[in-house]
1. Once phi is turned into ³J(HN,Hα) by the Karplus curve 6.51 cos²θ - 1.76 cosθ + 1.60 with θ = phi - 60°, what whole-Hz value does each residue of the stretch 467-472 show in order, with x for glycine and proline?
2. Give me, ordered by chain and number, the residues 5 or more places off L397 or on other chains with an amide H under 5 Å from its own placed amide H.
3. Below 14 angstrom from the Cβ of G60, what's the summed charge of the other residues (Lys, Arg +1; Asp, Glu -1)?
4. Counting other Cβ atoms within 10 Å, which trypsin sites (Lys or Arg not before Pro) in the stretch 347-446 have at most 11 and lie in a DSSP loop?
5. What list of ³J(HN,Hα) values in whole Hz, one per residue of the stretch 521-537 in order, does the Karplus curve 6.51 cos²θ - 1.76 cosθ + 1.60 (θ = phi - 60°) give from phi, with Gly and Pro shown as x?
6. Check C174: other-chain or 5+ apart residues with amide H under 5 Å from its amide H, H built from backbone geometry?
7. Under 1.5 on a/c is rounded, so check that first for the stretch 26-70, then, if it is not, pick prolate when a/b is larger than b/c and oblate when it is not; a ≥ b ≥ c are the square roots of the alpha carbon gyration tensor eigenvalues.
8. Could you go through the stretch 502-507 in sequence order and give the Karplus-derived ³J(HN,Hα) for each residue, using 6.51 cos²θ - 1.76 cosθ + 1.60 with θ = phi - 60°, rounded to whole Hz, and x for Gly and Pro?
Amino acid sequence: MQVSDLKLPELLDFAPEAGRITFRDHRMLLWDADAFGALRAELLEQVGPEAARGILMRFGFANGYRDALSSKDLFPWATAADWWRTCPAMQAHQGKVRPDVTALVVEPRDGRFELEVRWSDSYEASQHTRLLGPAADPVCWTLIGYASGFSTAVMGEEVFVIEQSCASAGHERCHVLGKTRRAWGAQGDALAAQYRAEIVTRHIDARVDEVRRARPIDRRDPRRASEEGLAGASSTAMQQLLALADKVAQVDATVLITGESGVGKERVASRLHQQSARRGAPFVAINCGALTETLLESELFGHLRGSFSGAIADRKGLFEAADGGTIFLDEIGETTAATQVKLLRVLQEREVRPIGSTSAIPFDVRIVAATNRDLAAMVEAGTFRQDLYYRLHVVHLHVPPLRERREDVLPLARWFAERTSKTYGVPVREISAATATLLAMHPWPGNVRELENAIEHAVALAGDALKLLPEHLPATLREDPAVDELTRLMQQPLTLEELERQYTLMVLARHQGCRADTARALKIGTNTLWRKLRRWGVSSEPR
């Protein structure tokens, strides 16, 4: 996703049955603009212009600061400037204002921040004019507060945005400037006194830690995550894996989960947590490959205020936030050598030292790690520490790729179809026989994640159709050479015996002549397959 692709409706989770709207891990609310305007008018009447201005600026600041923290997770690779550009995008998508950024410099390392924006259709200016008449001075207080809070989070130091001219005061558009507190000079000190930014940011950071304890970094309920992708696991391989996972869940042994990307490693980790005695405590998941070394260290271990540029408040790390529960270190093979050393110390000593602190904090956390890389080969190559590998490799769970457990494809597809249909508010779509054939034949290089996306694509395109048809599937599935071969067979006037022969040979070729894999895919015994091949005069080495 690019910043320009930001669409707020796609980022919000609507759960009307629970009375909640969430953005990342944060609850959102929808308020009527006229009602907010009435509240603003009452504030002005009850406490006076200066006090009302300060209250609304601080409200906006807290809103912007929190949205910045949530939006950062969407673009972990983005530059500071790209991260900041989600600010006007969020304001526009939230229906607050239509911003036009005319000048922007965002350089946290050099402490440089320069902003010039022109706003159109400010909800705040229009509400003030509607209820109180034209203003003598700028009145977009929550909007400048929002931009100030968002910019403060991006820069890691106090940034204040002021409004020089306002539509409520008769100007065509609102004109806004932003600088760091230092760059504003004496005016910056006066603004800081109005915002009390340090107190606001400390409160929001504390709230973030509170939410992390109550709701994992992965915003999904771990019980739901443990069901997703495992509900249709009827294959022998997955049943054996889940039985082993449930057994291991009863003890606190460290677990390493391996498997290709998209096979459901995180869902197995969620099941481990949910089946354990720690199920009532947090399940905290973090993708180690999505963050830079510095950010990952800060997220895992926490930091003290002032310990590095941008550390404007103390923050607890995920090991501390997950205390009593489970921490899931996804993509552990992507960590740097320096991070591996620090992780090894943490795992050995069972205590964590926040960045900038001289004292360690003990924790009680179950460690589950996952990777799609061959850690043993990385150890041999010298790119992964051997001692850390053995610390993690206490119990090993390997999740097989979907192509090796094809009997799971259709149950999973049906489960995804039912869930997606309910999510979209449409009748539950059944899978047609032709579609089921295509799904069964596809090699699924993207594993369960690819299957889930394919079914969601099909449900979205199904329209009024009662069943998911082949034309509803992504083109990549319909253009699969194996599917083309199957379609050719289906179109030929073949006897049932000849159709069975050609189809069996095609499956045999797909499994590179392996009788065991072919028999498993066809759900027949290896002896039965051998007899059929002998009757057809086909020789195949037993593999």
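1. 10, 7, 9, x, 5, 7
2. Those lying under 5 Å, H to H, from L397 are L256, I257, T258.
3. Numbers: positive: R40, R53, R58, R66, K96, R196; negative: D67, E124, E163.
With Lys, Arg at +1 and Asp, Glu at -1, the net is +3.
4. Passing sites in the stretch 347-446 do not exist.
5. For the stretch 521-537, the Karplus curve yields 5, 7, 6, 10, x, 5, 5, 4, 5, 4, 5, 5, 5, 5, 5, 8, x Hz.
6. W119, A167
7. Oblate, since a/c reaches 1.5 and b/c is not below a/b.
8. Coupling constants for the stretch 502-507: 5, 5, 4, 5, 5, 5 Hz.
No lab work stands behind these numbers, since they all come straight from the coordinates. All of these numbers come straight from a predicted model, not from anything done at the bench. Backbone-built Cβ (ideal geometry, glycine too); neighbour counts: all protein chains shown.
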